[in-house]
1. Within region B:254-267, does at least one residue satisfy the condition of being among the β-branched types (Val, Ile, Thr) and exposed (fewer than 13 other Cβ atoms within 10 Å of the Cβ)?
2. Of the conditions (1) of a type outside the set (Asp, Glu); (2) within 25 Å of the chain's Cα centre (by Cα); (3) crowded, with 16+ Cβ neighbours inside 10 Å, B:Arg218 fails just one. Which one is it?
3. Mind telling me which of the residues A:Ala36, A:Ala45, A:Ala59, A:Ala55 ends up being within 12 Å of chain B (Cβ to nearest Cβ), among the aliphatic types (A, V, I, L, M) and crowded, with 19+ Cβ neighbours inside 10 Å?
4. Which of the residues belonging to region A:251-295 are among the polar types (S, T, N, Q) and modelled with pLDDT of 90 or more?
5. Please work out if B:Thr223 is more than 18 Å from B:Leu134 (Cβ to Cβ), at pLDDT 85 or above and in the same structural domain as B:Pro257 (by TED's automatic domain parsing).
6. When both residues are 6+ apart or on different chains and their Cβ atoms are under 6 Å apart, which pairs have a first residue that lies in region A:130-153 and is over 15 Å from B:Val287 (Cβ atoms) and more than 7 Å from every other protein chain (Cβ to nearest Cβ), and a second that is polar (S, T, N, Q) and crowded, with 21+ Cβ neighbours inside 10 Å?
7. Give the residue that is surrounded by the fewest Cβ atoms within 10 Å (Cβ to Cβ), with candidates limited to residues of region A:254-288 that are within 19 Å of B:Leu139 (Cβ to Cβ) and hydroxyl-bearing (Ser, Thr, Tyr).
8. What residue, among those in region A:86-129 that are over 21 Å from B:Thr42 (Cβ atoms) and among the polar types (S, T, N, Q), is modelled with the lowest pLDDT?
Amino acid sequence: MVVEVQPPATETAGREQRTKRAKRLPRGADLVIWLALVCGALVMAFPLYWMFATAVRPAAELFTGKFDLVPSEFAWSNFSAAWDKLPWGTFYQNSVLIAVIGTCITVFINLLAGYAFAKFSFKGRDVIFILMISTLMVPIQVILVPTFMVVSEMGLVNSIWGVILPRGAEAFGIFLVRQYLVSVPNELMESARLDGASEFRIFWSVVLPLCKPVIAVLTIFTFMWRWNDFALPLVTMQELSSFTVPLGLNFAKGLYYTDWTGSMAMTLLSIIPMLIVFVIFQRSFVQGIASTGMK
Amino acid sequence: MTPHTTTTATPSAPASNPARRRRLKQKLVPYLFITPNLILFTLFMFVPIVGSFYMSLNDWTLMGESTFVGLSNFVGLFTDGVFWQAFANTGYYVAGTVPTTMALGLVVAIGLNRQMPGRTFLRAVYFVPVCISLVAVGLISLWIFNDSYGVLNNLLRTVEIPTVPWLSSSSWAMPSLIIVTIWIRLGFNMVIYLAALQSIPTELIQAAKVDGATGWQRFRYVTWPLLAPTSFLLVILNVIFSLHVFDLILVMTNGGPGFSTTVLVQYIYREAFQTGEMGSASAVGVVLYLLLMAFTLTYWRLSRQSNNAA
C-alpha cells in the first residue's frame with residue numbers, strides 16, 4: 001500500500017532492497033517455514049540421491065542391513081556391467097526415434113488443428129473439438145485392447161509407428177494451441193490474406209512464429225510423454241529388438257533380480273535425458289503446467 | 001501454395017468463378033488443417049472407444065471368434081469378487097492420493113510463494129519427480145521399500161523401531177503405493193497452486209491485514225475462496241490421474257500381494273493380456289469410462305450450484 005504512493009525512483013530502490021532481503025537468511029517464523037521447506041526438499045530429493053548412491057556402490061555394500069548414506073567407494077564399473085546384460089543400445093535407439101519423430105509429428109499436427117479450431121468457423125467445429133478434448137479423460141488401458149487390434153490390423157506391431165501414430169491422437173496440444181491462439185488478434189492473418197498469401201503460407205509464416213512459446217511448452221511435454229511412455233509399447237512392442245527404454249527397465253527388473261546396483265544404474269541412465277531437458281527448460285515446463293491448469 | 005495462386009490468376013474463367021472457387025477453398029481450409037488429427041483420432045480413439053463398447057457385449061478371446069452375449073460380461077463382472085476388490089482398491093487409492101497431494105501441494109505452494117533464499121531451486125526440487133518415468137520411479141521405490149535391504153527398513157532398524165513389510169504384506173502395499181504417488185504428484189499440485197496464488201492481487205491480502213485479520217483468517221476468508229476454481233480443477237485432474245494409474249503398480253506390485261493393489265486398470269490389463277478375456281476386459285473399461293463421466297458431470301454440477309448459491 002505504501003509503495004504505491006512512493007515515486008518510481010524509490011520503488012526500484014525498494015525492489016533492490018527486497019532482493020537483498022531475499023538472499024539473507026530469514027528470521028523468526030520465516031526461518032521456521034524456510035527450514036521446514038528445506039527439510040521437505042531433502043525428503044523429495046532423497047529417492048533420487050539414493051538411486052545414485054546405489055548405482056555407484058560396490059554391490060557387496062548393499063546387503064549389510066546397515067543405514068549408511070554415503071558409498072565407501074565409487075564402482076563405476078556397475079554401469080558397464082549392467083549395460084552389457086541387455087541390448088540397451090537398441091532400446092535407446094528405439095526410444096530416441098519414437099520420442100523425436102513422435103514429438104515432431106504430434107506438435108506439428110496439433111498446431112495445425114489448434115489453429116483451425118481457434119481461427120476458423122466451420123460446420124461441426126465445436127462438436128469435433130469437444131469429442132477430441134473428451135478423449136483426455138479416457139484411460140489408455142480402457143482402449144488398449146481395441147487400439148492394439150487396430151495397430152495389428154495395420155501391421156504395425158513391433159514397429160515404432162505402432163507407438164508414434166496412436167499417440168499422435170493427443171488432445172492436450174490441440175487444446176493448448178487453441179487456447180493460446182484465441183487471444184491472438186485476427187488482423188495479423190487478415191492482412192496476410194489481403195496480400196494474397198495462401199492459407200498454408202499464413203500458417204507457416206504468420207501463425208507459427210506467433211506460437212513460439214506454446215511450441216516450446218508443447219515440445220517439452222510431448223517429448224516427456226513419448227520418452228516415458230509405457231502401457232502402449234508394452235502391448236505393441238513384443239520383441240526384445242523393438243523394446244523402448246522403459247520396457248527394457250521393466251524387463252530388467254525380472255532379469256537382474258537382486259542386482260540392485262545394476263538396476264539403479266540403468267534407471268539413472270534412463271532418466272538423465274529427462275533431467276537435462278528439465279533443467280534447461282524448467283521455466284517452460286512450469287509455465288506449461290500452470291497455464292493449462294489455469295484455463 | 002502454388003495451386004492457390006494459379007487458380008486465382010486463371011484468366012479464361014468468368015469473373016465470378018475464381019471468386020466462388022476461392023470461397024469454396026476457404027471453406028475447405030480448416031477441414032484440411034484438422035484432417036491429420038481427425039484421421040488419427042478416428043483410428044486410435046473413436047474406433048477403439050466404440051470398439052470397447054461393442055466388445056464388452058461379446059465373448060471375445062485374443063485369437064478366437066467373437067459371439068454376441070449381451071450383458072453377460074457385465075453380469076460376470078458383478079459376480080466376480082476380484083472385480084469388487086479392484087473397485088474398492090481403486091477407491092482406496094483415490095481417497096489416499098487426491099486429498100493428500102492437494103493439501104501438501106497447497107502447503108508447499110504457500111510456503112514457496114514468499115521471498116526466501118534458494119526459492120527457485122527449492123521449487124525445482126519439489127517439481128522434479130513429475131518428469132521422471134513411472135517405471136523408473138517404480139524401480140527406485142522397489143529398492144527403497146525392499147523388506148530386507150531397503151533404506152527405509154534399515155533406517156527403522158537403526159532407530160530401533162520394528163521394521164515394516166512394505167510391499168510384501170497386503171495391508172502395507174497400498175499405503176506404500178500411496179506414499180510414492182504423493183512424492184510423484186506433489187510438485188504438480190504445487191505448481192498449479194503457485195500460479196493461482198500469484199494471480200491473487202496483493203491489495204486484497206493487504207486490506208485484510210489492515211482490517212486486523214490474522215494469518216489463518218486471511219487464508220480462510222480471502223485466499224481459500226479465491227483458490228476455489230483451482231481446487232475444483234485439481235480435484236478432477238487428480239482423480240483422473242489416480243484412476244489412470246498403471247505403470248507404477250505394474251512395476252511395484254503387479255497388483256499383489258494377492259489382489260491387494262489390483263486397481264481397475266490393472267484388472268483390465270490382467271483380463272485382456274494375461275487371461276485373454278477381451279470381452280470381459282472391455283466391460284471393465286466401459287464401467288470405468290461411465291464412472292469417470294458420472295464423476296466429472298456430478299462434480300461439475302455440484303460446484304456450479306455452490307458457485308450460484310454464493
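1. No, region B:254-267 contains no residue that is among the β-branched types (Val, Ile, Thr) and exposed (fewer than 13 other Cβ atoms within 10 Å of the Cβ).
2. So the condition that B:Arg218 fails would be (2).
3. None of the other options fit; the residue is A:Ala55.
4. A:Thr267, A:Ser270 - these are the residues of region A:251-295 that are among the polar types (S, T, N, Q) and modelled with pLDDT of 90 or more.
5. Numbers: more than 18 Å from B:Leu134 (Cβ to Cβ): yes; at pLDDT 85 or above: yes; in the same structural domain as B:Pro257 (by TED's automatic domain parsing): yes.
Criteria met by B:Thr223.
6. A:Val151/A:Thr236
7. My answer is A:Tyr257.
8. Only one residue tops the list, namely A:Ser121.
The values are calculated or read from the model by the stated rules, or taken from the named source; none is laboratory data. Every value quoted in this text rests on a predicted model; they were computed, and no experiment measured them. Note that we place each Cβ from the backbone using ideal geometry, even for glycine, and neighbour counts take in every protein chain shown.
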